[in-house]
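Just below is one structure, and these are the notes that go with it.
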Amino acid sequence: MSRIDASASSLTWQIGDITIQRVAENVIPIPSDSLVPGITEAQLAQTRSWSTPYFRDDGRILLSIHAFVVTSGDDVVVIDTCVGPNDRALPGSEDFPERLAAELPGGLASVTKVLCTHLHFDHLGWNTRLVDGDYVPTFPEARYLISKGELDYLDADDHFELMPVSLQPLLDRSLIDEVSSDAAVAPGIHLMPTPGHTPGHVSVVIESEGSKAIITGDMTHSPLQFAYPELTALPFDWDSDQARRTRRAFISDFQDSQALILGTHFAPPTGGYIRSSPEGAVFRPVDTD
């Protein structure tokens, strides 16, 4: 599977006194219908005026795998830890921890909390790393926050065998905190339940000084799903009907608002606003709003 060099693709947003930074592991062009089956050429054409940054000329979606680092006061929170050192259904990147550490003034040890929006392989792969034959926490001073619904779901169905590598070493060290799907994470940061892709899936709300941003997780995989919320990541969703309901409610709540939407799988420019148009909802990047 081809990749696009992601080493220079760090982006930063300021929400009041909270800083949000995107650090990419990989950006991967994938066939549109492999991610959102049922998408049509007509739908692609209708959105091309605003969706071009997220697609190649051949119509492939640019799927970004990245972490968000949210700094609020003394807390440094990493949201989703990407694929990890081993290729799975998507390619990992062995140098990602070093690249991430270089973006943090205090390195990996400065991270106080790690949050997984859900427990799919491309969101928890760097929870741990292999050192001298033993899986150890990648972020040695952090607590790992996971919604209880996600832990229960993975315990019942771990078909990617994620538990032994990405979670059990943390459980053995008592580093995981089970949290509710609307829990406060740090000052100005709280979770919002967005079920459907998985049962305990959460998005992350950041609020400070009258400004707001929302990190989507896999509530949506592509900005196209704001225009066409019925399009669902069918091969990967736990409950596609619930995912559609969640997405439609999200659009209703935040369309034409000042909430900055940060897509967990959106290629650069990654952040933007859901806006109305004669054709329906569109996604406007920050610098074009």
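Being acidic (Asp, Glu), at pLDDT 95 or above, farther than 25 Å from Ser72 by Cβ and surrounded by fewer than 20 Cβ atoms within 10 Å (Cβ to Cβ), is that true of even one residue in region 179-192?
Within region 179-192 (the criterion being acidic (Asp, Glu), at pLDDT 95 or above, farther than 25 Å from Ser72 by Cβ and surrounded by fewer than 20 Cβ atoms within 10 Å (Cβ to Cβ)), the answer is no, since none of the residues qualifies.
Collect the residues in region 156-167 that are closer than 14 Å to Phe121 by Cα and of a type outside the set (Phe, Trp, Tyr), keeping them in residue-number order.
Across region 156-167, the qualifying residues are Asp157, Asp158, His159, Glu161, Leu162, Met163, Pro164, Val165, Ser166, Leu167.
Take Val36 and decide whether it is among the hydrophobic types (A, V, I, L, M, F, W, C), buried (at least 19 other Cβ atoms within 10 Å of the Cβ) and modelled with pLDDT under 95.
So Val36 fits the description; yes.
Evaluate the following for Thr117: is it at pLDDT 95 or above, in a loop (DSSP other than H, G, I, E, B) and among the polar types (S, T, N, Q)?
Yes: the conditions hold for Thr117.
Kindly indicate which of Glu279, Glu209 is surrounded by fewer than 16 Cβ atoms within 10 Å (Cβ to Cβ) and under 28 Å from Ser34 (Cα atoms).
Glu279
Where residues in region 39-63 are among the aliphatic types (A, V, I, L, M) and in contact with a strand residue (DSSP E or B) (Cβ under 6 Å, 6 or more places away or on another chain), which of them is surrounded by the most Cβ atoms within 10 Å (Cβ to Cβ)?
Checked region 39-63; the qualifying residue surrounded by the most Cβ atoms within 10 Å (Cβ to Cβ) is Ile61.
Which residues, taken from region 84-114, are under 30 Å from Gln43 (Cα atoms) and in contact with a strand residue (DSSP E or B) (Cβ under 8 Å, 6 or more places away or on another chain)?
If the condition is that a residue be under 30 Å from Gln43 (Cα atoms) and in contact with a strand residue (DSSP E or B) (Cβ under 8 Å, 6 or more places away or on another chain), then Leu90, Pro91 are the ones that fit.
Hey, among Tyr135, Tyr153, which residue is surrounded by fewer than 20 Cβ atoms within 10 Å (Cβ to Cβ), closer than 20 Å to His221 by Cβ, more than 18 Å from the chain's Cα centre (by Cα) and not basic (Lys, Arg)?
Residue meeting the stated conditions: Tyr153.
Here are Val69, Val83, Val114: which of them is more than 20 Å from Ile189 (Cβ to Cβ) and free of Cβ contacts under 8 Å to residues at least 60 places away in the same chain?
Only one candidate passes the filter, namely Val83.
State whether one or more residues within region 64-80 are under 30 Å from Gln43 (Cα atoms), surrounded by 16 or more Cβ atoms within 10 Å (Cβ to Cβ) and of a type in the set (Gly, Ala, Ser).
For region 64-80, residues under 30 Å from Gln43 (Cα atoms), surrounded by 16 or more Cβ atoms within 10 Å (Cβ to Cβ) and of a type in the set (Gly, Ala, Ser): present.
One line per residue, one yes/no per condition, for (1) charged (D, E, K, R); (2) assigned to a loop (DSSP other than H, G, I, E, B); (3) surrounded by 13 or more Cβ atoms within 10 Å (Cβ to Cβ); (4) touching a His at 6+ places or on another chain (Cβ under 7 Å):
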| site | (1), (2), (3), (4) |
| --- | --- |
| Ile251 | no, no, yes, no |
| Thr264 | no, yes, yes, no |
| Arg275 | yes, no, yes, no |
| Asp287 | yes, no, no, no |
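Would a scan of region 79-101 turn up a residue that is assigned to a strand (DSSP E or B) and out of contact with any helix residue (DSSP H, G or I) (no Cβ under 6 Å at 6 or more places or on another chain)?
For region 79-101, residues assigned to a strand (DSSP E or B) and out of contact with any helix residue (DSSP H, G or I) (no Cβ under 6 Å at 6 or more places or on another chain): present.
What number of residues within region 64-103 satisfy the criterion of being touching a Cys at 6+ places or on another chain (Cβ under 8 Å) and at pLDDT below 95?
The number of residues fulfilling the criteria is 2.
So which residues in region 90-114 are more than 17 Å from Leu124 (Cβ to Cβ) and of a type in the set (Ser, Thr, Tyr)?
Hits for region 90-114 are Ser110, Thr112.
Return a yes/no flag: does region 55-65 have any residue that is more than 20 Å from Cys116 (Cα to Cα), touching a residue at least 40 places away in the same chain (Cβ under 8 Å), assigned to a strand (DSSP E or B) and among the β-branched types (Val, Ile, Thr).
yes
The values are calculated or read from the model by the stated rules, or taken from the named source; none is laboratory data. From a predicted model like this one, the values you see are computed outputs, not experimental measurements. Cβ: placed from backbone, ideal geometry, glycine included. Neighbour counts: every protein chain shown.
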